[in-house]
Amino acid sequence: MELHNLNRCEDIKHRRKRVGRGDSSGLGHTCGRGMNGQMSRSGAAHRPYFEGGQIPLFRRLPKRGFKSLNHKNFNLVNIRVLEEFFDEGTEISIELLREKGIVGKSKLPLKVLADGEISKSLTVIADKFSKVAQEKIENAGGTCKIVE
């Protein structure tokens, strides 16, 4: 038996509980909620991961580091990738990198990093360059243009 071979059971639908319809119904008086306490009141609910008053897991675990509110994410490309995928004299932009499948479809700006070596003269148009990447591209005879 597998999940896609299961047949629908005839007794799968349960009758709904009609609470508060007299003691003889079995769900009268306190309506199945017990006598007292938080969950016996109307509108009572626990937040997700509530552990019954015990210090919850997210408070027990140590907190490390911090997240900057001004952090910017980039599509990252190393110059070894540019060397591998493009010919001499090519003008490389983020649209061309998307067409070749080197960067994803996200709308993040492009940053060129310096991992690897480059020997071809390329024109690279990006939002940001690392200093070493810019030096390597210009030493190989290429140019770096920053998008405004």
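The values are calculated or read from the model by the stated rules, or taken from the named source; none is laboratory data. Computed from a prediction, not measured in an experiment: that's the story for all the values here. Don't worry about glycine lacking a Cβ; one is built from the backbone with ideal geometry, like all the others, and counts go over all protein chains shown.
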With the condition kept exactly as written, say whether any residue in region 29-44 is surrounded by 14 or more Cβ atoms within 10 Å (Cβ to Cβ) and charged (D, E, K, R).
-> yes
Within region 16-41, the count of residues that are part of a helix (DSSP H, G or I) and among the charged types (D, E, K, R) comes to 1
Which pairs do you get when a residue that is within 21 Å of residue 23 (Cβ to Cβ), found in region 33-62, comes within reach of a residue that is surrounded by 10 or more Cβ atoms within 10 Å (Cβ to Cβ) and of a type in the set (A, V, I, L, M), reach meaning Cβ atoms under 8 angstrom, with the pair 6+ apart or on two chains?
-> 33/39
With respect to residue 143, determine if the residue is touching a Ser or Thr at 6+ places or on another chain (Cβ under 7 Å), surrounded by fewer than 16 Cβ atoms within 10 Å (Cβ to Cβ) and touching a residue at least 24 places away in the same chain (Cβ under 8 Å).
-> no
Can you name the residue in region 103-116 that is assigned to a loop (DSSP other than H, G, I, E, B) and in contact with a helix residue (DSSP H, G or I) (Cβ under 7 Å, 6 or more places away or on another chain) and, of all such residues, is modelled with the lowest pLDDT?
-> 105
If residue 135 satisfies every condition in (1) assigned to a loop (DSSP other than H, G, I, E, B); (2) surrounded by fewer than 16 Cβ atoms within 10 Å (Cβ to Cβ) but one, which is the exception?
-> (1)
Right, residue 130: at pLDDT below 95, assigned by TED's automatic domain parsing to the domain that holds residue 86 and either of a type in the set (S, T, N, Q) or at negative phi (or both) or not?
-> no
Has region 138-147 got any residue that is farther than 30 Å from residue 19 by Cβ, assigned to a helix (DSSP H, G or I) and assigned by TED's automatic domain parsing to the domain that holds residue 23?
-> no
Residues of region 80-127 being under 16 Å from residue 142 (Cα atoms) and without any contact (Cβ under 8 Å) to a residue 12 or more places away in the chain, in sequence order, are 84
Exception for residue 84 within (1) in contact with a helix residue (DSSP H, G or I) (Cβ under 9 Å, 6 or more places away or on another chain); (2) under 21 Å from residue 135 (Cβ atoms) falls at (1)
Somewhere in region 56-68, is a residue in contact with a strand residue (DSSP E or B) (Cβ under 7 Å, 6 or more places away or on another chain), among the aliphatic types (A, V, I, L, M) and outside any helix (DSSP H, G or I)?
-> no
Is it the case that residue 101 is more than 29 Å from the chain's Cα centre (by Cα) and at positive phi?
-> no
